[in-house]
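Reading through the structure tokens given below for one structure.
Bear in mind these aren't lab numbers, they're just calculated from the coordinates by the rules spelled out. Being a predicted model, the structure only gives us computed values, none of them experimental. Heads up, the Cβs are rebuilt from the backbone with ideal geometry, glycines too, and the neighbour counts pull from every protein chain shown.
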Amino acid sequence: MRKLNQIMLLIMTVSLVTLTSCSKDDDGGSGGNAPSGTLTAKVDGTNYQSMEISSSATVSSNPSGQSLIIIATNSDGNAFSFTILGYDGVGTYSFDGSVSTGVNVASYSETTVDLSNPLNSETKLWQAPYENLAAGTISISEETDTKLIGTFEFNGKNVGGDQSIKNITNGSFNLGKQTL
């Protein structure tokens, strides 16, 4: 009987250590440090912050589940956009091009406006995933009826242009949320 008690104690100890040392992939991370209503990031090392008036998160329901769309722009004509198909709340979602993840997409765009001839304006777009490579993640750490908080990072490729890569790091958002 004493041997059985020792074995049970050992099993319980190993189980406790194992369960407390594991981390979930879908825990959503820390939430970042973006001011309320904005999205912040570093784009190739340069700071970016969106305007509250032009930044939002929308969760919509459709027959195949939920989708999340995040749009955030700044006064320089630069913008971030994220589309998460199969959105299921707090957790981490990959930009990896696989059908199993719903082909989630992240993009960063820069628009140069020619004030003397607005029709001559130019927009460049960097997107992830590209070439079916794992190009980054977005983590939702908190979701309420009116707010969505999280972090992101990705490498985006200018697939329709010069093929350059933008390195997006330290991304975080604290956005107003609407549900459709």
inquiry  = Criterion first (part of a loop (DSSP other than H, G, I, E, B) and polar (S, T, N, Q)) does Q163 satisfy it?
reply    = yes
note = Sole miss for N158 among (1) exposed (fewer than 14 other Cβ atoms within 10 Å of the Cβ); (2) over 25 Å from E52 (Cα atoms); (3) touching a Lys or Arg at 6+ places or on another chain (Cβ under 9 Å) is condition (1)
inquiry  = For segment 146-156, which positions are farther than 15 Å from S107 by Cβ and part of a strand (DSSP E or B)?
reply    = K147, L148, I149, G150, T151
All strands (runs of 3 or more DSSP E) inside segment 69-145 with 1 or more residues being among the hydrophobic types (A, V, I, L, M, F, W, C), surrounded by 17 or more Cβ atoms within 10 Å (Cβ to Cβ) and out of contact with any Pro (no Cβ under 7 Å at 6 or more places or on another chain) = 78-85, 105-112, 122-128, 136-143
message = Out of N132, N158, I need the residue that is free of Cβ contacts under 8 Å to residues at least 60 places away in the same chain and on the phi > 0 side of the Ramachandran plot. Which one?
response = N132
